[in-house]
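Taking it in order: structure first as structure tokens, then the write-up.
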Amino acid sequence: MAQVSPVRTPANLTLGAPIPRGLKRGTYFVQTWGCQMNEEDSEQMVLGLESLGLTPAASPNEANVILLNTCSVRKKPEDKAFSFLGELRFIKEARPDLVIGVCGCMAQIRADEIHRRAPHVNFVVGTAQVNRIPGLVEEALQTRRFQKRLDLPERKGSVVTDVPDRLGGRKTKLKAFIPVQYGCDKFCTYCIVPSTRGRERSRPTEDIVREARGLVANGTREITLLGQTVNSYGKNLAEGRVSFGQLLSILGGIPGLERIRYTSPYPRDFKTDLIEVIRDVPQVMEHCHMPLQAGDDHLLRRMRRVYTVESYAAIVDELRATVPNLGLTTDIIVGFPGETEEEFEGTMAAMERFRFDGAFMFKYSPRPDTPAAEMKQVDSAVASRRLNQLIKRQREIQLEIGEALAGEEREVMVEGPSPKNPDVWQGYTRCFRMVHFSPGSLSPGQLVQVRLTEPHMWGFVGTVLG
Ligand code: SAH
Ligand code: SF4
Ligand code: F3S
């Protein structure tokens with residue numbers, strides 16, 4: 001169970017009731033499922049909890065406040081959250097003053113169900129209300145009343161300015177996330193995210209730049225810009241409209257910022273001007289995670305992905321021709337409703353054609369109240385068989401790519417000891433391959449040239465040069 005790393009108290013989050021000085025307020029535990037957006041939100045939650053004087057607990061058993069930051073993208077993370085809530089019922093019976101809050105995507109769309117199935121939950125907070133959490137915790141420490149805060153921007157084109165100062169008190173992080181674009185207006189027929197995250201909106205450029213500068217001053221060397229369709233950044237900024245490409249250029253001007261990554265771009269909005277910025281701004285890393293989802297045009301149409309295999313291929317060709325040593329990764333769904341054997345073969349053929357450096361591959365999971373959930377479903381065993389076939393082939397392709405790259409030299413940012421073996425250190429190339437190497441006298445944050453020697457599924461073993 002991963003706990004979000006503890007950070008120091010920010011000076012400027014809105015607090016609930018004033019906290020008497022010197023009073024120890026107890027401990028917290030935050031459990032996170034889902035994507036990087038959720039990981040980043042959890043970090044904000046931790047800042048909020050610490051602003052109340054709470055300190056991290058080693059496990060839920062000891063915590064006075066427990067937050068679950070949930071994900072609804074597939075059924076599995078929802079099941080995990082409900083099963084965790086089931087376990088917490090026993091802790092709450094033993095310690096009735098325990099405060100339990102449910103946040104994130106499942107909280108947004110299933111608040112009433114959560115209250116019904118888990119009446120021991122004190123409050124439910126939606127995805128756009130993270131900064132309400134400190135106040136709700138304060139209230140829950142005093143009253144027993146169930147609370148929910150679910151407001152979500154429904155208006156197209158709103159701008160996100162209510163993000164609390166995300167910097168205050170962050171401990172130094174070599175790599176940090178910065179959300180730049182929230183919500184999604186694409187409404188792919190399988191996807192719950194437009195319901196959980198609301199309408200598409202962007203953060204003002206000056207807020208992003210201020211955060212990036214602050215992070216760099218605090219020791220950050222690499223930032224990852226986050227958004228559900230990150231390259232539609234800026235579309236709805238009324239004043240001083242800045243495109244995603246322009247945002248990358250502006251961030252490239254921050255001294256001391258070594259690397260910039262972004263995830264996930266939507267293929268249709270990946271245009272030549274953006275590809276040129278990626279080529280021309282030296283800090284932008286040669287990694288692009290561009291979800292394809294399926295390799296057949298009929299399937300893509302039923303998914304409401306507004307591109308074709310050929311138009312996706314045109315972007316890939318241009319990217320690879322313009323940006324040398326690009327690492328290209330993707331997301332694929334198999335077993336989408338009505339997927340025929342022939343359509344699935346199209347997806348297999350796309351994997352051969354694009355030879356992705358990595359892929360997240362998912363079995364379709366019907367999400368209530370999405371159009372695809374009403375369509376004719378594929379037999380679950382057939383979908384599993386196809387997923388296994390896809391994963392097996394993609395593994396082989398990745399190993400083939402790795403073998404072809406062995407012997408080459410790449411820049412790696414030294415991060416520190418591998419969590420699995422502290423004698424070996426790790427870092428990433430600019431094309432986002434993990435490399436393990438012997439640390440010698442290196443220190444975290446250094447950029448070194450590394451010869452990639454031995455390829456693995458996850459990356460390489462390498463030798464630091466010079
Ligand atoms: N906004 C991103 C994707 C966010 S969700 C984008 O469009 O690029 C991350 C991935 O989960 C998706 O790319 C998709 O491959 C997968 N996914 C989304 N809904 C799913 C569902 N109902 N079943 C299985 N996989 C799903
Ligand atoms: Fe979901 Fe599609 Fe939006 Fe991505 S673009 S979040 S897959 S609706
Ligand atoms: Fe999950 Fe919400 Fe992210 S549904 S994938 S946590 S946007």
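When you filter the trypsin sites (Lys or Arg not before Pro) in the range 205-249 for DSSP loop state and at most 15 other Cβ atoms inside 10 Å of their Cβ, you are left with ARG241.
I'd like to check one number: the per residue accessible area of the chain, probe 1.4 Å, reported in Å² as a whole number. Numbers along the way, then the final one.
Details: 19990 Å² over 466 residues.
Here the residues of the chain average 43 Å² of exposed surface.
For the pair THR172/ASP369, report the inter-label distance in nm, with labels modelled 7 Å from Cα in the Cβ direction. Simple spin-label model gives 4.6 nm for this pair.
Across the chain, the mean sequence separation of Cα contacts (distance under 8 Å, 6 or more residues apart), normalised by length, yields a relative contact order of 10 percent. Counting heavy atoms of the protein chains alone, VAL130 has an accessible area of about 30 Å² for a 1.4 Å probe.
Quick one: check the C-alpha center-to-center distance for the range 41-109 versus the range 398-458, whole angstrom. Here the two parts' Cα centres lie 35 Å apart. Projected label points at ILE391 and SER249, each 7 Å from Cα along the beta carbon direction, are separated by 4.4 nanometres. Taking the DSSP beta bridges with both ends in the range 409-464, the antiparallel portion is around 85 percent. With a simple spin-label model that places each label point 7 Å from the Cα along the Cα-to-Cβ direction, the separation between THR322 and ASN421 comes to 4.0 nm.
Between ARG144 and THR55, residue separation times 0.36 nm minus the direct Cα-Cα distance comes to 29.8 nm. Given their separation in residues at 0.36 nm each and the Cα-Cα distance between them, HIS456 and ASN218 gain 82.3 nm when the chain is fully extended. Here's how it looks for HIS436: its modeled amide H is under 5 Å from those of PHE460, VAL461, GLY462, which are all 5 or more places away or on a different chain.
Tell me the carbon and sulfur percent of the accessible area for the range 154-285, rounded to whole percent, probe radius 1.4 Å. Could you put the intermediate results ahead of the total?
On the way: 2380 of 4850 Å².
That fraction is 49 percent.
The solvent-accessible area of ASP97, taken with every protein chain present and a 1.4 Å probe, is close to 100 Å². Within the accessible surface of the range 389-466, defined with a 1.4 Å probe on protein heavy atoms only, the carbon and sulfur portion equals 53 percent.
Here the accessible area of the range 10-149 is 52 percent carbon and sulfur, with a 1.4 angstrom probe and all protein chains present. DSSP beta bridges fully contained in the chain are about 35 percent antiparallel. When the trypsin sites (Lys or Arg not before Pro) in the range 277-343 are filtered for DSSP coil states and for at most 15 other beta-carbon atoms within 10 Å of their beta-carbon, the remaining sites are ARG304. A straight chain from GLU62 to VAL382 at 0.36 nm per residue would run longer than the Cα-Cα distance by 110.8 nm.
Within the range 406-466, the trypsin sites (Lys or Arg not before Pro) that combine a DSSP coil assignment with at most 16 other C-beta atoms in a 10 angstrom radius are LYS420.
The values are calculated or read from the model by the stated rules, or taken from the named source; none is laboratory data. Everything numeric here is computed off the predicted structure, so don't read it as measured data. Cβ sites come from the backbone with ideal geometry, for glycine too, and all protein chains shown count toward neighbours. The protein model used for the area step is the full one, side chains on, heavy atoms only, and it has no ligands, DNA or RNA in it. Shrake-Rupley method; radii C 1.70, N 1.55, O 1.52, S 1.80 Å.
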